[in-house]
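All remarks here apply to the structure that follows.
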Amino acid sequence: MTPSGTNPGTSGPAAWAAAWELLLPAAAAPPRARGRALQAALREAVRSGRLTPGTRLPSSRELAADLGVSRGLVTEAYEQLTAEGYLRSGRGAGTWVGGAVRAAHPRTRDLAPRSPGARADFLPGTPDLSLFPRTAWAAAQRAVLAELPHHTLGYPDPRGLPRLRTALAELLARRRGVVADPERVLVVSGVAQAMTLLGFALHARGMRTVGMEDPASPEHGTLFASAGLGAVPLPLDDEGLATEPLRRSGVRAVVTTPAHQFPSGIAYSARRRTQLLDWARSVDGLVIEDDYDGDFRYDRAPVGALQGLDPEHVAYTGSVSKSLAPGLRLGWLLVPASLSEEVVERKRTMDLGHPVVDQALLARFVERGDYDRQLRRCQRAYKERRDTLVAALEEHFPGTRVSGIAAGLHVIATLPDHYGPQERFLESAAEAGVAVRPLKDYTQPTTTGDDVVRLVLGYAHVSPTRIREGVRLMAEGHGQRAP
C-alpha cells in the first residue's frame, strides 16, 4: 500500500510520504479503536513536524481508499483535528495542516544527581543504596495494600497519617530523646521540604535573614533563599556554633546540626547547647535542628537531640535518606506550638499532603521493628567502612589528622603540609580517577590560600575494597605529580 492521492503543493507530496508510515498502524488497529488510532497518528505527524504547516492532505475519499478504511472514519478524523487546530479546511479548498502547531523536539533527561563515574567516589552525603531492605519493604507494601481502608486513599491530613505520626513520635522519643507529640509531627518530603516550609513561615512573620553554620551544607542557604530569606554565615569553634558572633548577627533563627555538625563532624558540647538555647529564649528566636545522621554513632550511644531540651524554641527535622534511601522522599518535622498552624497550612497549600500508601508503608515498617533492624545493619556496615578508611589514610598518607570519626557517614582528613598545595592535590586525585571534595567547598570564601589539604571524605556508599583502592590511587597520583 502506497500513498496515491497526494495533491499538488510545494511540500505536499514529499511531506505526506514522510508521514505515511505513521498512519499504517492505525489502519491495522482493531475496528473499535481504529478511529482513535487514526486521529492520534495524524496528530503526532503534525506535532513531530513530519507534516509541516501548509501541507495539503489527500481527500477523505482518497485516504480512505489508500488505508482500506471507511471514508467516514477519515472524515471524522479530519473534523476532529480541524476543531483542535491541527488542520484547517475550507469548502471546496481541501484540508491543510494548520500553522498553530510548532514541531516539538521531545526528549527525556534525567536531572538526578549522579556519581561522576570515577574509579573511586568519596563524595559525601550518600548512603549505600544496596543496603535498602527490598524484601522487607516489599512485604510491608503487600500487607499495607491489603489492609488499607478505602477511605484513607482520599486526601490525607496535611500533617500526615495519624498512624505514621504516632509511630514516628514513639521512634524519635525512644531513639533521639525528642519531645514528640503526634499532633506536632508533620510528615514531609525530606529535610529539604521541612526547611522550605519553615522558611515561608518565618518570612511571613517578618524575618528576612537566617543564620547558617560556617562551614555548612550549601543546600540550606538555597532552600531558605527560595522562601525569601538571606543566609548569614556564622563561625564555629571547638564546641559548636560560636555564641558571640550569633548574638551580634541580629538573626532570630539559625540552622544547626548539633549531633554531628556537617561537615566538620563536631558534636556540640553540653555547654554550647545550653548557650544556644539561652540565646533563643532571649530573642524569642528559633533553633532549626537538622538531625541528618544522628542515629549513626560508633563510640557510644547517639547524643540526644537538642529539641528535647526546649521543644518550644527548637524545630526538629530528619528523614530516612541516610537510613533507607533518599529517593523515598520521606521525612519529619516537629515544630513549636507557636508555628504549628502556619507550617501545616503551608504544607496543605503546597501539596495537599504526602502520598498515603508511602506513609502507611513506613508506619508499618517502624511499628514492626524493621526500621530499627535496618539502622543496626547500616551501623555495622558503616563502622567497618569508616575503620577501613582511617586505616588506609594512615597507611598511604602517614601523619594525616582525621576528625569527625565518632559518628556520621563522612570524615574530615587534614593531610600533612607537604601534600599541598590543595589545588594541585585535587588535580592529581581527579587525574587518578578519584572523586573527592575539599572542605573549602562548604565554607564562605576567604582570602587565605589553600596550601593545606583538607578533604571531606564520604565512605558509606563505598565498599571496603574500593575504599582501599581509592586511597591508594590518590597516593600514587600525588606521587606522580609531586615535583
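Could you check L389 against (1) open to solvent by less than 30 Å² (accessible area, probe 1.4 Å); (2) part of a helix (DSSP H, G or I); (3) free of Cβ contacts under 8 Å to residues at least 60 places away in the same chain and say which number it fails?
(3)
State which residue is surrounded by the fewest Cβ atoms within 10 Å (Cβ to Cβ) when the search covers only the stretch 81-100 and only residues that are in a strand (DSSP E or B) and not aromatic (F, W, Y).
The extreme case among them is G90.
Can you tell which of R380, R364 is out of contact with any Cys (no Cβ under 7 Å at 6 or more places or on another chain) and over 29 Å from P464 (Cα atoms)?
From the options R380, R364, the qualifying one is R364.
Among the residues of the stretch 235-246, is any within 20 Å of L198 (Cα to Cα) and touching a residue at least 40 places away in the same chain (Cβ under 8 Å)?
no
Hey, among the residues in the stretch 470-483 that are surrounded by fewer than 17 Cβ atoms within 10 Å (Cβ to Cβ) and out of contact with any Ser or Thr (no Cβ under 6 Å at 6 or more places or on another chain), which one's modelled with the highest pLDDT?
R472
Which condition breaks for L328 when tested against (1) over 19 Å from the mean Cα position of the chain (by Cα); (2) surrounded by fewer than 22 Cβ atoms within 10 Å (Cβ to Cβ); (3) closer than 21 Å to T166 by Cβ?
Condition not satisfied by L328: (1).
State yes or no: is P336 over 13 Å from L171 (Cβ atoms), in contact with a Leu (Cβ under 9 Å, 6 or more places away or on another chain), open to solvent by 10 Å² or more (accessible area, probe 1.4 Å) and not β-branched (V, I, T)?
no
As an exercise: evaluate Y316 against (1) buried (at least 21 other Cβ atoms within 10 Å of the Cβ); (2) of a type in the set (S, T, Y); (3) within 21 Å of H461 (Cα to Cα) and give the number of the one condition it does not meet.
(3)
Taking the stretch 279-299 as the search range and keeping residues that are without any contact (Cβ under 8 Å) to a residue 40 or more places away in the chain and open to solvent by less than 40 Å² (accessible area, probe 1.4 Å), which one is farthest from L324 (Cα to Cα)?
Ranking the candidates gives W279 first.
Filter the stretch 67-80 down to residues that are surrounded by fewer than 20 Cβ atoms within 10 Å (Cβ to Cβ) and touching a helix residue (DSSP H, G or I) at 6+ places or on another chain (Cβ under 9 Å), then give me how many there are.
The total comes to 7.
Which one is nearest to the chain's Cα centre (by Cα), of the residues in the stretch 346-362 that are open to solvent by 60 Å² or more (accessible area, probe 1.4 Å) and touching a residue at least 60 places away in the same chain (Cβ under 8 Å)?
M350
Output the qualifying pairs, or none if there are none: Cβ atoms under 6 angstrom, residues six or more apart or on different chains, first residue in the stretch 166-188 and without any contact (Cβ under 8 Å) to a residue 24 or more places away in the chain and open to solvent by less than 40 Å² (accessible area, probe 1.4 Å), second residue of a type in the set (A, V, I, L, M, F, W, C) and part of a strand (DSSP E or B).
Taking only residues 6 or more apart or on different chains, the pairs are A169/V185.
Among the residues of the stretch 209-256, which ones are open to solvent by 10 Å² or more (accessible area, probe 1.4 Å) and part of a loop (DSSP other than H, G, I, E, B)?
Scanning the stretch 209-256 gives P215, A216, S217, S226, G228, D238, E239, A242, G250, R252.
Kindly evaluate V232 against the criterion of being touching a residue at least 24 places away in the same chain (Cβ under 8 Å) and touching a helix residue (DSSP H, G or I) at 6+ places or on another chain (Cβ under 6 Å).
no
Out of the stretch 106-147, which residues are over 30 Å from P464 (Cα atoms) and surrounded by 16 or more Cβ atoms within 10 Å (Cβ to Cβ)?
Within the stretch 106-147, A140, Q141, V144 meet the criteria.
For the subset of the stretch 413-444 comprising residues that are open to solvent by less than 10 Å² (accessible area, probe 1.4 Å) and not small (G, A, S), which member is nearest to P124 (Cα to Cα)?
Applying the filter and picking the extreme gives P438.
The values are calculated or read from the model by the stated rules, or taken from the named source; none is laboratory data. Since this is a predicted model, take the numbers as computed values, not measurements. With ideal geometry, Cβ positions are generated from the backbone for all residues, glycine too; neighbour counts draw on all protein chains shown. Only protein heavy atoms, including side chains, enter the accessible area calculation; ligands, DNA and RNA are left aside. Shrake-Rupley method; radii C 1.70, N 1.55, O 1.52, S 1.80 Å.
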